[in-house]
């Protein structure tokens, strides 16, 4: 009887330990779930740079913040990208419907907010995604002898841009990641809005793809 009782006690203790481990894992998963949005937001401290670069996407917020930083004197130029044309562009052309490009909208935003046309540059050749943008920025900085650029993007996109830069460019030249605080986004409660949920999932998958060596080729934005 004593042996059976001891066996039951040991089994009970094992179940308690197992339940405690499962509770700990569940708690950790819940904590990570809540914090992942904030973790994706990884801006850098501002430094004076060769240029402020507006990464494509999320009109007009990135250009708005770029104009603000330009007026504060953080860089002498603002750089934009020319997107490669896609099926939608071709369809608009066939229909004869004017379809301004993203860089045209960005230019209008910048100039409306006080950036002179002479300080705005559109980099060539056209880009398709963040990887091609990072490579083009680095090439232009090296060509000009610049050592850093301020990259303007969205809050949830900052960590992935930083990761991509480190993987495809390295430590030099340096990328300083910033975002516009007025852009609609709630990293601390990202599960409450469909747009933030989609962004978080997209960024996490993008980070996995980057660490795997870009096995899935990034599509046009």
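The values are calculated or read from the model by the stated rules, or taken from the named source; none is laboratory data. Small disclaimer: the values here were computed from a predicted structure and weren't measured. Glycine gets a Cβ as well: all are built from the backbone with ideal geometry, and neighbour counts include every protein chain shown.
Out of contact with any helix residue (DSSP H, G or I) (no Cβ under 9 Å at 6 or more places or on another chain), in a strand (DSSP E or B) and touching a residue at least 60 places away in the same chain (Cβ under 8 Å): is that true of residue 150 in this structure? So residue 150 does not fit the description; no.
All of (1) within 24 Å of residue 67 (Cβ to Cβ); (2) in contact with a strand residue (DSSP E or B) (Cβ under 9 Å, 6 or more places away or on another chain); (3) surrounded by fewer than 19 Cβ atoms within 10 Å (Cβ to Cβ); (4) modelled with pLDDT of 95 or more hold for residue 140 with one exception: (3). Residues that are loosely packed, with under 15 Cβ neighbours inside 10 Å, touching a helix residue (DSSP H, G or I) at 6+ places or on another chain (Cβ under 7 Å) and under 17 Å from residue 57 (Cβ atoms) within region 154-196 comprise just one, 182.
Looking across region 80-111, just one residue is under 25 Å from the mean Cα position of the chain (by Cα), surrounded by 12 or more Cβ atoms within 10 Å (Cβ to Cβ), modelled with pLDDT under 90 and in a helix (DSSP H, G or I), and that is 89. Screening region 51-76 for residues that are within 17 Å of residue 130 (Cα to Cα) and in contact with a helix residue (DSSP H, G or I) (Cβ under 7 Å, 6 or more places away or on another chain) and picking the one that is surrounded by the most Cβ atoms within 10 Å (Cβ to Cβ) gives 54. Of all the residues in region 56-79, those that are within 18 Å of the chain's Cα centre (by Cα) and either in contact (Cβ under 8 Å) with a residue 60 or more places away in the chain or part of a helix (DSSP H, G or I) (or both) number 10.
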